[in-house]
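Asks: This is the structure I want to talk about, given as C-alpha cells.
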C-alpha cells in the first residue's frame, strides 16, 4: 500500500515504537526513510562561542539515531535511506516528504489529552499534520 514511508526521529526511546508501527504498514519492497533534523533554533540560541559545539553535538546525536533506524529497518529486510538535515523540524519533515514523494509519515507524539493536549498544539507532530500533504500516522509513545 505504501511505497515510501518517512520516519522522522529525534533519537528518543519512543522511536522504537514508531518504527514498529512503520514496519507494520510496510510491505515487501517498501522504502523507509529516516530523517533527523538538527534544530536550527537550538544553534541560534547558543552563544557565539558555543554554536559550533552545539551543532556538532546535535549532528552526532542524529547519526546515532539514524544508525538505530538503519539497523531496525534492515533487520526487517527493507531498504532504508537516512538523512540528517538542519532546519526547523516540522518544516524539514514536510519539505522532505514533498521532495521524496513520500506516501506516509509515521511519527511519535506524547499522548496528551484535555488541557495538556491543547497546550501541546505547537508540537512538531501537530505541525506536520497541519502542514503536510500526505497522511501522518501518529504513534502515542507514552
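Asks: Report relative contact order for the chain in percent, whole number only (criteria: Cα-Cα under 8 Å, sequence separation at least 6). Spell out each step's value before the answer.
Replies: Details: 247 pairs, mean separation 44.6, N = 142.
Across the chain, relative contact order equals 31 percent.
Asks: Per residue of the chain, what 222 nm ellipticity follows from adding -39500 (n - 2.57) for every DSSP H run with n ≥ 4, rounded to the nearest 500?
Replies: Numbers: 6 runs with 68 residues, N = 142.
Result for the chain, helices only: -14500 deg cm²/dmol.
Asks: Using a cut-off of under 20 Å, list every residue of region 83-110 whose amide N is near the label point 7 Å from the Cα of residue 140 along the Cα-to-beta-carbon line.
Replies: The answer is 106-110.
Coordinate-derived values only; no laboratory data. If you're wondering where the values come from, they're calculated on a predicted model, not measured in any experiment. Note that we place each Cβ from the backbone using ideal geometry, even for glycine, and neighbour counts take in every protein chain shown.
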